[in-house]
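Some notes on the structure that comes next.
The values are calculated or read from the model by the stated rules, or taken from the named source; none is laboratory data. In this text the structure is predicted, and so the values were computed from the model without any measurement. Virtual Cβ from ideal backbone geometry, glycine too; neighbours counted across all protein chains shown.
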Amino acid sequence: MQALQNIEQFTKGVKMDKWAVALVTGATCVVGSVVMLVKKISSHRETEEKIKRARNKREESLQRAEQAVLRYKESHPTTDSAFILTLSLSELTQQLKEGSLTPEDVLYSYMEKTLAVNKKLNCCTEILLESLDQLTTVGSNKDGLLYGVPVSVKENITFKVLQRLSLSDRSVFLCSGSDRWRGSTCGGSVCCSAVAG
């Protein structure tokens, strides 16, 4: 009889332990779920903030590019952008090297076309306004293969020392491609009017 009572007490103790284990497991699951939810909400907010900053930076870049093009057109009314955009790569390169076209005229013509296409297609992440700074030094290297030729760089190309609008910390190598963007479509996320030298 004593053995039966001991077995009953042991069984009650085991049942209590199972109940305690179930409670602890349930509480742990609830706490873990709450922690994961808080992390997800926090991560989502951070991502939304990055996207908001990227959009603001993009809009600012495009507005500054539009203003730069307008200022250039006002100060250089004789620039024939339509003619420049019709030139093939070899014709453009030849006229740039001969001096009948300036890198400034070409850059601003392509920036204007980039902005017009972007208004229709929303295809540009931003225009790299650092290209404007390169205009002061590009004249010293007329022997470069793409001297004075604007290029379009897709977002998956890495840019040197520049943090672009992507959510990661990638950076780009200006003028690393050899193809020429003709201005009819952007063909990628980042349309930059970079001057190759």
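No other residue among ILE127, ILE84 is touching a helix residue (DSSP H, G or I) at 6+ places or on another chain (Cβ under 8 Å) and either of a type in the set (D, E, K, R) or modelled with pLDDT of 90 or more (or both) apart from ILE84. In the stretch 39-64, the residues that are at pLDDT 90 or above reach residues that are of a type in the set (D, E, K, R) with C-beta atoms within less than 8 angstrom, at least six apart or across chains, in these pairs: LEU62/GLU126. What are the pairs with Cβ atoms under 6 angstrom where one residue, in the stretch 124-138, is farther than 14 Å from VAL153 by Cβ and the other, located anywhere, is acidic (Asp, Glu)? Sequence gap at least six, or different chains. Between residues of the stretch 124-138 that are farther than 14 Å from VAL153 by Cβ and residues that are acidic (Asp, Glu), the close pairs are LEU135/GLU104.
Can you pull out the residues in the stretch 73-99 that are among the hydrophobic types (A, V, I, L, M, F, W, C) and either out of contact with any Leu (no Cβ under 8 Å at 6 or more places or on another chain) or free of Cβ contacts under 8 Å to residues at least 24 places away in the same chain (or both)? Step through it out loud before you land on a result.
Here is the first cut: in the stretch 73-99, the ones among the hydrophobic types (A, V, I, L, M, F, W, C) are 82-85, 87, 89, 92, 96.
Matches in the stretch 73-99: ALA82, PHE83, LEU85, LEU87, LEU89, LEU96.
Taking the condition among the aliphatic types (A, V, I, L, M) and touching a residue at least 60 places away in the same chain (Cβ under 8 Å), does LEU70 pass? Walk me through it before giving the result.
On the way: among the aliphatic types (A, V, I, L, M): yes; touching a residue at least 60 places away in the same chain (Cβ under 8 Å): no.
Answer is no for this residue.
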